[in-house]
1. Kindly indicate whether residue 381 is free of Cβ contacts under 8 Å to residues at least 24 places away in the same chain and either under 21 Å from residue 458 (Cα atoms) or within 15 Å of ligand 2 (Cβ to nearest atom) (or both).
2. Can you find even one residue in segment 436-455 that is in a strand (DSSP E or B) and within 8 Å of ligand 1 (Cβ to nearest atom)?
3. Here is a list of conditions, (1) within 17 Å of residue 299 (Cα to Cα); (2) open to solvent by 10 Å² or more (accessible area, probe 1.4 Å); (3) within 16 Å of ligand 2 (Cβ to nearest atom); (4) among the hydrophobic types (A, V, I, L, M, F, W, C), and residue 460 meets all of them except one; can you say which number that is?
4. Hey, among the residues in segment 463-472 that are of a type in the set (S, T, N, Q) and near ligand 1 (Cβ under 6 Å from one of its atoms), which one's surrounded by the most Cβ atoms within 10 Å (Cβ to Cβ)?
5. Kindly indicate whether residue 162 is modelled with pLDDT under 95, within 34 Å of the chain's Cα centre (by Cα), open to solvent by 30 Å² or more (accessible area, probe 1.4 Å) and not β-branched (Val, Ile, Thr).
6. Quick one: which residue in 449, 475, 406 is open to solvent by less than 20 Å² (accessible area, probe 1.4 Å), away from ligand 2 (no atom under 16 Å from the Cβ) and either polar (S, T, N, Q) or at pLDDT below 95 (or both)?
7. Test residue 321 against the stated conditions and say whether it is away from ligand 2 (no atom under 16 Å from the Cβ), of a type outside the set (D, E, K, R), closer than 29 Å to residue 402 by Cα and open to solvent by less than 20 Å² (accessible area, probe 1.4 Å).
8. Among the candidates 423, 440, 360, 366, which residue alone is of a type in the set (Val, Ile, Thr), modelled with pLDDT of 95 or more, more than 14 Å from ligand 2 (Cβ to nearest atom) and surrounded by fewer than 24 Cβ atoms within 10 Å (Cβ to Cβ)?
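The values are calculated or read from the model by the stated rules, or taken from the named source; none is laboratory data. Everything quoted here is computed from the prediction, not taken from an experiment. Heads up, the Cβs are rebuilt from the backbone with ideal geometry, glycines too, and the neighbour counts pull from every protein chain shown. Ligands, DNA and RNA are excluded from the accessible area calculation, which covers all protein heavy atoms including side chains. Shrake-Rupley method; radii C 1.70, N 1.55, O 1.52, S 1.80 Å.
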Amino acid sequence: MTVTSPASTAAASATPATRPPLNLAVYLVTDSGSMLPEGKSVEDQVKAALEGGATLIQLREKSLDTGAFITRARALLTLCRAYNVPLLINDRIDVALAVDADGVHLGQDDMDPKLARAILGPNKYLGVTVHNMHDAERAADAGADYLGTCAIFDTQTKKHKPGFEPLGVEGVKAMLTKLAEHHKTRALPVCTIGGLHASNVGAVLKDTATKTKKLDGVAVVSAIMAQKDARAATAQLKDVVERELALAPVYATREACQVVSVAAETLRKLREGKASPLVHHITNFVVMNDNANAALAVGGSPVMAHAENEMEAMTGIASSLVLNVGTLSDTWISAMLTAGRVANARGIPVVLDPVGAGATPYRLATCRTLLSEIKFDIIKGNAGEIAALANVQGVEQRGVDSGEVAGGEKASVALAVALAKATGAVVAMSGATDYVARVTAEGKTQVVAVDNGTQWLGKITGTGCTTATLVGCFAGVLGKANAFEAAVAGILTMCVAGEKAVALAKGPMSFKVALFDEFFNVMPADLVQAAKVRDRIQANAD
Ligand SMILES: Nc1ncnc2c1ncn2[C@@H]1O[C@H](COP(=O)(O)OP(=O)(O)OP(=O)(O)O)[C@@H](O)[C@H]1O
Ligand SMILES: Cc1ncsc1CCO
C-alpha cells in the first residue's frame, strides 16, 4: 500500500496545470452531520483520508448556507491540491465554479447532466449517479466522466425515496453487464456506494465483476467520516480495494502476444486479397448458407459439397476442410470419411465441429469413427461436445447447446487439454471464455484463453459452427503447421466482430446482420486493439 505524500504545499489551492487524475478506487463522500466523531471536523476527516490514500473527494452538503459551503469547499480544495487528488462538489455547480473545484457529482434529481456539462465546460469532471441504463446513456451522452450506481446496500447515511430498493450485488453486476454491452457506456469508469466498509468491499468488488466490466472503485461515507482514526480506516480500505483490483485478469500485451499478431497479419492477407482460401465444408442444413457468407465476408472462398462422388476432386483443390456433424446422415458420413482421407493425404488442414456430440449415441459414434479414420488438425466445440469426445462426465449437453464446466477455469483447461492429448489436435473450446489448447511437438502443453465475445453470440443459432468456418479460413491460409494460431484467429475474429455488432443490435436478427457486416468490416487493428488474450493460462489454472 502506498500512502501519497503532499506533492507541494506552496500555493496549494492554485489551479494545477493539468487536472488531478480521476481515480475512483477509494472515493470519499463527505458528511457533516452527527456521524463525525467528537472533536473532528469535516476538514480533519478529509485531511486524514488524504493521508490514508483516498483517491477522490466529493464535498456533499445538504443544509449548509452557500457562504459557509464555499468556505468549506475552499478549505478542502487546498487539502486536495496538496495530494493531487480531485475535489468534486455534490450537486452545486455554482459552488464548484466559485472555488474552481475539479468538477461536480450529480444525482438523478439534480441538474440535467447535459446542462451541467455545458456550464462546466469540457475540463471539469462530471460524475452521475445512475439507476438504470436509461440514466447511464443519458449521462454518457452528456459527456460524463464516470458513473456511480445507486446504493448497493441499505445505509443509514442517506435517506432514500420510499420504495427504493438497493441494487444488491446481483443488481450491480447486472448493471455492469449492461454497461459493457453498450458502446456509449462500455468505457466509462463505475463505482458503487451504500453500506460499504473495509470488511465487505473486497467481496463486493469480486462478486460484481463480470467478464467484460468490473467496478473501478468504491464510494464510502461513514466508513471514513465516522471513524476516530480516519487515516487508518482509509488506508485499510485502500489496501483491500487495491488488492482486489489487481486480481483482475492480466492480458498478454499486444506486442508480446504472438498469436494475436499472427491473427492480425493473416486477416490482413485475407482483406487485401493476398490469400483467398477455398474452404470445403460438409456442414449442416441449419448453418450452410450462413457459413458460406461468413467465409466470403472475411475474404475466403466457401464451397459446400456433400456428394461422395465429388470429394476427391473438391477436397483435392481445397485449402482447408471443415467437417460438421450438425445434421448427419449415413451418406454424409461416407462423404466426410472420403473427404478427410483426401485432405490428410494432401496435407490439407482439417477442422472438426462435433455439433451435439454428447446428445445422441449416433453423433458420438460418428465422431469417434471420424476421429479414428481422419487426423484432425483442429477440433472446435462447446464444452459439452469436448467433454463427450474426451469421455469426461458432468457437462450437460442439451441438443446442440452446452452447459458449463463445473470447477471453473481449472476444470475447463483440463478438459480442453485432455482432448488435445488424446487426439493430437488443437482443441478450441467455446463458451463465455474460449480456450485453445494443444500439445507441442516437444510434448509441452500450450493453452490460451480468449475473454472476448458477447452473450449475444449465444442468442443466434450456429455461431459455434460459423466460428469453425472462420477457423477453417485462417487454417487455409496458415496451413497445418499453424493450426493453433488459426484456431485463435478464428475465435478472435468471431468474438471481436460480435463485440462490435452489439452496438447495433435491437434483437437477435439485427445482431446477426450486424455480425455478418462486421466479419466484412473487422480490421487487423481491431483484433489487436480488442484482444483479451491470456497466454499464461496453464500456470494460472494450476
Ligand atoms: N456468455 C458468452 N459471453 C461471451 N461470448 C460467448 C458467450 N457464449 C458464447 N460466446 C461466444 O460465442 C461463440 C460460439 O460459442 P458457443 O459456445 O455458443 O458455440 P456453440 O454452442 O457451438 O454454438 P452453435 O451450436 O449455435 O453453433 C464463441 O466464439 C464464444 O466465445
Ligand atoms: C440448431 C442446430 N441443429 C442441428 S445443427 C444446428 C446448428 C447449431 O449448431
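1. Working: free of Cβ contacts under 8 Å to residues at least 24 places away in the same chain: no; either under 21 Å from residue 458 (Cα atoms) or within 15 Å of ligand 2 (Cβ to nearest atom) (or both): yes.
Answer is no for this residue.
2. Yes, some residue in segment 436-455 is in a strand (DSSP E or B) and within 8 Å of ligand 1 (Cβ to nearest atom).
3. (1)
4. 467
5. Criteria not met by residue 162.
6. Result: 449 is the single residue among 449, 475, 406 that is open to solvent by less than 20 Å² (accessible area, probe 1.4 Å), away from ligand 2 (no atom under 16 Å from the Cβ) and either polar (S, T, N, Q) or at pLDDT below 95 (or both).
7. Yes: the conditions hold for residue 321.
8. 423
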